[in-house]
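All remarks here apply to the structure that follows.
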Amino acid sequence: MVMKNYPPQFKADAVALYQSRPEATIRQVAADLGINPETLRNWVRAAGASRPRGRRAEVPTDPPTPLEAENAALRKKVRELEEEREILRKAAKYFARETRW
């Protein structure tokens, strides 16, 4: 079995992606990136990363309107998709460089 060397930026981006998707498992994120789940798990441990556990106790001044809540949810989704796209671009660039036809 061949040991693959991944650039540090790819590792950091993979850990950040895992942290940004609280509903996803390590196995799902690893499959999306095309890496071994144990590899990602080791990177997460090495980074000392943990997922946020719940929300901080904040005292809301006014409840958000439905439009504000939807806007916030859409902004969060856009950030997540942009981050995923950037990681996939870097992975494609890395693997394209590695392939010698």
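The values are calculated or read from the model by the stated rules, or taken from the named source; none is laboratory data. Here the structure is a predicted model, which is why all the values come from computation and not from measurement. When we count neighbours, we look across all protein chains shown, and the Cβ atoms used for this are built from the backbone with ideal geometry, even at glycine.
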Output the number of residues of region 1-32 satisfying the condition of being in contact (Cβ under 8 Å) with a residue 40 or more places away in the chain and in a helix (DSSP H, G or I).
-> 8
Can we say ALA57 is modelled with pLDDT under 90, under 27 Å from PHE10 (Cα atoms) and not aromatic (Phe, Trp, Tyr)?
-> no
Which of the residues that make up region 65-92 are surrounded by 12 or more Cβ atoms within 10 Å (Cβ to Cβ) and either touching a Ser or Thr at 6+ places or on another chain (Cβ under 7 Å) or closer than 12 Å to PHE10 by Cα (or both)?
-> GLU80, GLU83, GLU84, GLU86, ILE87, LEU88, LYS90, ALA91
Index of the failed condition, ILE35 passing every other in (1) in a helix (DSSP H, G or I); (2) at pLDDT 90 or above; (3) surrounded by 15 or more Cβ atoms within 10 Å (Cβ to Cβ) = (1)
